[in-house]
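In what follows, a single structure is set out as structure tokens and then discussed.
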Amino acid sequence: METKDIVSTIQSDLAMLNEEEQRRVMEYVRTLIEQKKKNHAQYVEDMMKLVGIGESGLGDGAEEHDHYIYGTPKKSKHEPENGLS
């Protein structure tokens, strides 16, 4: 189904609801949009951390990216070449 068809269907369906029901649908849609914005902001923040790993001089950034981004335990026990962890 194309976007224009989806929009048309939603408009038709909304017309069958009373004002309070329409308001609840609108609040739900706005909640979805806010969640998407938060997820995108978190994605951007995580990507910036990942970029920072590449510029940090850490020798194990690719292997240990979960550790540096999310703080999970390191997979390997060896230290990066510059001694950072």
I need the full set of residues from segment 21-54 which are modelled with pLDDT under 90 and farther than 17 Å from ILE69 by Cα, in order please.
none
Condition (residue is touching an Asp or Glu at 6+ places or on another chain (Cβ under 7 Å), at pLDDT below 80 and outside any helix (DSSP H, G or I)) applied to segment 65-78: is it met by at least one residue?
yes
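The values are calculated or read from the model by the stated rules, or taken from the named source; none is laboratory data. Quick caveat, the model's predicted, so the values are computed rather than measured. For neighbour counting, all protein chains shown are included, and Cβ atoms are generated from backbone atoms with ideal geometry for every residue, glycine included.
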